[in-house]
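Below is one structure, written out as C-alpha cells, with a few remarks after it.
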Amino acid sequence: MKKIIIVALFTALNGCSADETTKFSDNGETITSPASATLTADDKNKPKETIVKSPDSINLKNKNGSFEQSKYTIQFNKQKFTTKSRVLKANQSVYNLDINSFGMIKGSLVVVSTIEPKELQPDFDIKKLADDTYQLTAKSAELDLYYWYTKLSGDPRYSAVELEIDYSPKNELKTY
C-alpha cells in the first residue's frame, strides 16, 4: 500500500514537464512524446491569436434594460461602433469597438465653425461653448443624429464635427 501511495504522490508531483506530452492508448499503455514534435519553428514564432467578438454577437442594452443584438457597424468620431440601427437617436446605446466600451448617445453634436450655424435652429438648440465651437442639441428625441453627423461632416463650413457620447457607468444604486 505504501508503494502505491508513493508512486501516486511521485507521479502527481512530477506530472508532465513542458518538454513532454503524455498520451494514453486504448490498451492502457502510456506513450510519452516531446511536445515540440507537434509544433514547427514557424508555429512558435507566430503571435497568439486574440479572440474578438464579432459585431453580430455583441448585445446592446436598450432603454428598457433588456438586451438587443447589434446589427450594424458604423464609424463616427474617428472610431468604430456597433449599433442596432443605422439611425442614431438620443439615449440609444452603442458599443465602441476601439475602446471596448458601451456608450449612450447624448443627443447633441459639437461642431467647430467660423460662423454660427443659425440655419440649423429649426432642428437644434445652439449653444456657444468656446470661440468657433458650438453645441447643437436636438430638439426632438426622434432626430437621426447619424444623418446630421454625416451631413455636417461633409460640409466645408465645419472643420470638425463630433457626436457626443456618454461613457460614464450607470449607477444602479437607488437613492431615497
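The values are calculated or read from the model by the stated rules, or taken from the named source; none is laboratory data. On a predicted model such as this, the values are computed, not experimentally measured, just so you know. Methodologically, a virtual Cβ is constructed for each residue, glycine included, from the backbone with ideal geometry; neighbour enumeration extends over all protein chains shown. Accessible surface is based on the protein model in full, side chains and every heavy atom, while ligands, DNA and RNA are left aside. Shrake-Rupley method; radii C 1.70, N 1.55, O 1.52, S 1.80 Å.
Could you tell me which of the pairs LYS71/LYS128; LYS84/LYS106; LYS89/LYS170; LYS84/LYS127 are separated by over 26 angstrom between their Cα atoms in the structure shown? Working shown, then result.
Numbers: LYS71/LYS128 35 Å; LYS84/LYS106 16 Å; LYS89/LYS170 19 Å; LYS84/LYS127 30 Å.
The answer is LYS71/LYS128; LYS84/LYS127.
What shape does region 100-176 take by its C-alpha gyration tensor, where a ≥ b ≥ c are the square roots of the eigenvalues and a/c under 1.5 counts as rounded, a/b above b/c as prolate, and the rest as oblate?
Working: a/c = 2.04, a/b = 1.94, b/c = 1.05.
In terms of gyration-tensor shape, prolate.
What does the charge count around GLN75 come to, taking other residues whose C-beta lies under 12 Å from its C-beta (Lys +1, Arg +1, Asp -1, Glu -1)?
Working: positive: LYS78, LYS80, ARG86; negative: ASP98.
Combined, the nearby Lys, Arg, Asp and Glu give +2.
Counting Lys and Arg as +1 and Asp and Glu as -1, what is the net charge of the other residues whose Cβ lies under 10 Å from the Cβ of ARG86?
On the way: positive: LYS71, LYS84; negative: ASP144.
Once all neighbours under 10 Å are counted, the net charge is +1.
Could you list which residues have their amide H under 5 Å from that of SER85, counting only those 5 or more apart in sequence or on another chain, with H placed in the peptide plane?
Amide H to amide H, under 5 Å and 5 or more residues apart or across chains, SER85 pairs with LYS71, TYR72.
Express in nm, to one decimal, how much length is gained between THR150 and GLU119 on full extension, taking 0.36 nm for each residue of separation and deducting their alpha carbon distance.
9.5 nm
Between beta-carbons, use under 15 Å as the cut-off and find the net charge around ASP155, counting Lys and Arg +1, Asp and Glu -1. Walk me through the numbers before you get to the answer.
On the way: positive: LYS118, LYS151, ARG157; negative: GLU116, GLU119, ASP123, ASP132, GLU162.
Around ASP155, the charge tally is -2.
Taking a spot 7 Å from the Cα of TYR72 along the direction of its beta carbon, which residues of region 131-147 have an amide N less than 12 Å from it?
Residues passing the 12 Å test: 144-147.
Can you compute 3J(HN,Hα) from phi for each residue in region 111-118, using the Karplus curve 6.51 cos²θ - 1.76 cosθ + 1.60 with θ = phi - 60°, rounded to whole Hz and x for Gly and Pro?
Once rounded to whole Hz, the list reads 10, 10, 8, 6, 10, 6, x, 5.
Accessible area of ILE99, 1.4 Å probe, to the nearest 10 Å²?
Here the accessible area works out near 90 Å².
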